[in-house]
Amino acid sequence: MAIEQYAAPASLQDALHHLRGGEATILAGGTDLMPQSHAGKARFGPVLVNVRRVPELAGIRIEDGALRLGALVTMSEVLRDPLVREHAGILAEACDHFASDQIRNAATIGGNVCNASPAGDTLVPLLVLDAVAELAAKPDGRVQTRHVPLAGFFTGPGRTLRKPDELLCAIRVPLPRPGFVARFLKFGTRPALDISAVAIGIGGVRNGRSLSGARAAFGAVAPVPMRAPATEAALEGVALDAEAIARVAAVAREEIRPIDDVRASAWYRRQLVFNLTRRMLGDVAQA
């Protein structure tokens with residue numbers, strides 16, 4: 001479809017006005033949208049809305065007991081920000097493995113979430129952090145906001161619960177409890193530039209050799225980035241000796257739903273998840 005109108009709103013109100021009707025394409029960093037459009041995988045709507053000038057979508061701050069990351073925050077900003085490193089270090093760790101410096105300078109956290117790739121680098125750590133999507137729309141002339149936990153936000157490859165007239169304004173990360181630790185591990189041919197064959201995030205409050213409030217998430221092993229409740233239950237409060245670590249890793253291997261593709265076979269992904277989960281939990285036990 002040919003673009004009939006281009007808009008560069010300078011306020012959230014104006015941006016939401018252009019999204020009314022649900023036929024607009026949203027442009028932020030463009031690092032996913034433009035390659036997909038050139039490859040024929042994405043089609044522009046009649047209205048192209050460039051949201052880069054909307055101030056309400058920028059910045060990182062503490063707000064109402066949560067770390068709020070504006071949807072326009074770039075991967076480079078996430079990587080460098082002291083609040084992220086203090087309260088969401090696993091997210092900074094993932095951004096350090098995100099593409100190249102040039103892409104990190106343009107790619108936005110909101111774009112990575114809305115692209116909804118099963119292998120999206122920031123999605124696994126955000127799931128571990130219990131992140132919530134902040135969405136806004138203006139269906140009747142008034143701004144209406146809703147919050148959707150990311151654990152239920154993704155509905156399939158490239159699909160989310162965001163409605164066509166809604167704009168992702170921010171990602172909210174509840175401030176972790178004292179003693180919370182989390183690790184991210186991405187496996188691919190190269191550490192950053194490749195799409196991951198598997199990605200793993202594990203977190204919880206460390207009590208000696210065990211974790212309470214355990215969280216586990218996996219990427220590139222199912223149609224959507226997934227929280228792993230069975231793995232979390234197996235991990236909760238367990239003293240992480242060699243036998244327990246192997247048992248938790250085996251649960252993770254069976255909980256994922258991988259496919260065969262050009263990056264790895266389903267069998268190989270299961271073995272990667274087993275071995276890498278075991279390695280990560282071994283690091284936690286020895287810390």
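Out of Thr155, Thr160, I need the residue that is over 13 Å from the mean Cα position of the chain (by Cα), modelled with pLDDT of 95 or more and under 24 Å from Asp261 (Cα atoms). Which one? Explain how you work it out, then say what you get.
Numbers: Thr160 fails: over 13 Å from the mean Cα position of the chain (by Cα).
Answer to the selection: Thr155.
Go through (1) out of contact with any Leu (no Cβ under 8 Å at 6 or more places or on another chain); (2) acidic (Asp, Glu); (3) open to solvent by less than 30 Å² (accessible area, probe 1.4 Å) for Glu134 and report which single condition fails.
Every condition holds for Glu134 apart from (1).
Can you list the helices (runs of 4 or more DSSP H) found entirely within region 1-120 that contain at least 1 residues being among the small types (Gly, Ala, Ser) and buried (at least 21 other Cβ atoms within 10 Å of the Cβ)? Let's see the steps before the verdict.
Values: elements: 12-19, 33-38, 75-80, 82-87, 89-95, 101-106, 109-115.
It comes to 12-19, 89-95, 109-115.
Under 9 Å by Cβ, and 6 or more places apart or on different chains, what pairs join a residue from region 150-161 that is more than 13 Å from Val132 (Cα to Cα) with one that is outside any helix (DSSP H, G or I) and among the polar types (S, T, N, Q)?
From region 150-161, the pairs are Pro157/Ser117; Gly158/Ser117.
Return the pair list, or none, for Cβ contacts closer than 6 Å from residues in region 73-93 that are farther than 22 Å from Val54 by Cβ to residues that are part of a helix (DSSP H, G or I) and open to solvent by 10 Å² or more (accessible area, probe 1.4 Å), at least 6 apart or on different chains.
Ala92/Leu79; Ala92/Arg85
For region 201-226, which residues satisfy the criterion of being over 21 Å from Gly179 (Cβ atoms) and either touching a helix residue (DSSP H, G or I) at 6+ places or on another chain (Cβ under 7 Å) or small (Gly, Ala, Ser) (or both)?
So in region 201-226, the residues over 21 Å from Gly179 (Cβ atoms) come out as 218-226.
The answer is Phe218, Gly219, Ala220, Val221, Ala222, Pro225.
Tell me which residues, restricted to region 215-234, are of a type in the set (A, V, I, L, M, F, W, C) and either within 30 Å of Cys114 (Cβ to Cβ) or in contact (Cβ under 8 Å) with a residue 60 or more places away in the chain (or both).
We begin by selecting, within region 215-234, every residue of a type in the set (A, V, I, L, M, F, W, C); these are 216-218, 220-222, 224, 226, 228, 230, 233-234.
Within region 215-234, Ala216, Ala217, Phe218, Ala220, Val221, Ala222, Val224, Met226, Ala228, Ala230 meet the criteria.
Only residues that are in contact with a Pro (Cβ under 6 Å, 6 or more places away or on another chain) and closer than 21 Å to Val73 by Cα: list them for region 1-47, please.
Once the filter is applied, which keeps residues that are in contact with a Pro (Cβ under 6 Å, 6 or more places away or on another chain) and closer than 21 Å to Val73 by Cα, region 1-47 yields only Ala15.
What pairs come out if I take residues in region 255-275 that are more than 13 Å from Ala119 (Cβ to Cβ) and pair them with residues that are in a loop (DSSP other than H, G, I, E, B) and open to solvent by 50 Å² or more (accessible area, probe 1.4 Å) whose C-beta lies under 7 Å away, six or more apart or interchain?
So the pair list comes out as Ala266/Ile259; Ala266/Asp260.
Return the residue satisfying two criteria in turn: it lies in region 143-176 and is open to solvent by 50 Å² or more (accessible area, probe 1.4 Å) and in a strand (DSSP E or B), and of such residues it is nearest to Arg43 (Cα to Cα).
Among residues in region 143-176 that are open to solvent by 50 Å² or more (accessible area, probe 1.4 Å) and in a strand (DSSP E or B), the one nearest to Arg43 (Cα to Cα) is Arg159.
Which numbered condition trips up Val181, out of (1) touching a strand residue (DSSP E or B) at 6+ places or on another chain (Cβ under 8 Å); (2) open to solvent by 10 Å² or more (accessible area, probe 1.4 Å); (3) more than 28 Å from Leu19 (Cα to Cα); (4) part of a loop (DSSP other than H, G, I, E, B)?
Against the list (1) touching a strand residue (DSSP E or B) at 6+ places or on another chain (Cβ under 8 Å); (2) open to solvent by 10 Å² or more (accessible area, probe 1.4 Å); (3) more than 28 Å from Leu19 (Cα to Cα); (4) part of a loop (DSSP other than H, G, I, E, B), Val181 comes up short only on (4).
Please list, ordered by residue number, the helices (runs of 4 or more DSSP H) wholly in region 187-287 having 1 or more residues that are farther than 19 Å from Asp121 by Cα, of a type in the set (Ser, Thr, Tyr) and open to solvent by less than 10 Å² (accessible area, probe 1.4 Å).
229-235
Scan region 50-105 for residues that are of a type in the set (Val, Ile, Thr), under 17 Å from the mean Cα position of the chain (by Cα) and more than 22 Å from Ala119 (Cβ to Cβ) and jot them down. Walk me through how you get there before you give the answer.
Within region 50-105, the subset of a type in the set (Val, Ile, Thr) is 51, 54, 60, 62, 73-74, 78, 84, 90, 103.
Narrowing the set further to residues that are under 17 Å from the mean Cα position of the chain (by Cα) leaves 60, 73-74, 78, 84, 90, 103.
Within region 50-105, just Ile60 meets the criteria.
Could you tell me whether Asp121 is of a type in the set (Asp, Glu) and at pLDDT 95 or above?
No.
The values are calculated or read from the model by the stated rules, or taken from the named source; none is laboratory data. These numbers come from a predicted model, not from an experiment. Cβ sites come from the backbone with ideal geometry, for glycine too, and all protein chains shown count toward neighbours. Please note that ligands, DNA and RNA were not included when accessible areas were found on the heavy atoms of the full protein model with its side chains. Shrake-Rupley method; radii C 1.70, N 1.55, O 1.52, S 1.80 Å.
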